[in-house]
Amino acid sequence: MIEFRGRCKSKKKRIYSMLANNGEMNTSQILQDYNSRYKRGCTMNELASILGRTKHFIQVGFIEEYVRGDGVRLPARVRLAIWSVKQ
């Protein structure tokens, strides 16, 4: 197992093991899986910071979806990053 430095070591280890076992996952899948497994969850901002700043995670691509408006709001574009473990 890789030794992590800095803050949130346990979160980094858990996210690393999730990605190593499941393969590529997008940001919302990682967040939902993490928060369903562990009692002390993670926020989207915290997760994005961990994934973006840790050298062991690599951004593979994007998923781009267009969500239809509900009459009040306009249609929106949603971009989710796909993450993987650096080999």
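The values are calculated or read from the model by the stated rules, or taken from the named source; none is laboratory data. Keep in mind that this is a model prediction, so the values were computed, not measured. Neighbour counts run over all protein chains shown; Cβ positions are idealised from the backbone, glycine included. Heads up: the accessible areas ignore ligands, DNA and RNA and are worked out on the full protein's heavy atoms, side chains in. Shrake-Rupley method; radii C 1.70, N 1.55, O 1.52, S 1.80 Å.
Observations on the model:
- Residues in the range 8-21 that are surrounded by 12 or more Cβ atoms within 10 Å (Cβ to Cβ) and farther than 12 Å from Phe57 by Cα: Cys8, Lys11, Arg14.
- Of the set (1) within 15 Å of Cys8 (Cα to Cα); (2) touching a residue at least 40 places away in the same chain (Cβ under 8 Å), all apply to Ala81 but (1).
- Just one residue in the set Asn35, Asn26 is on the phi < 0 side of the Ramachandran plot and touching a residue at least 40 places away in the same chain (Cβ under 8 Å); that residue is Asn26.
- Filtered residue count, the range 47-87, keeping only those that are within 17 Å of Gln32 (Cβ to Cβ) and either open to solvent by 60 Å² or more (accessible area, probe 1.4 Å) or of a type in the set (Lys, Arg) (or both): 1
- Whichever residue in the range 23-45 is in contact with a helix residue (DSSP H, G or I) (Cβ under 9 Å, 6 or more places away or on another chain), assigned to a helix (DSSP H, G or I) and open to solvent by 60 Å² or more (accessible area, probe 1.4 Å) and, among such residues, is nearest to Cys8 (Cα to Cα): Met44
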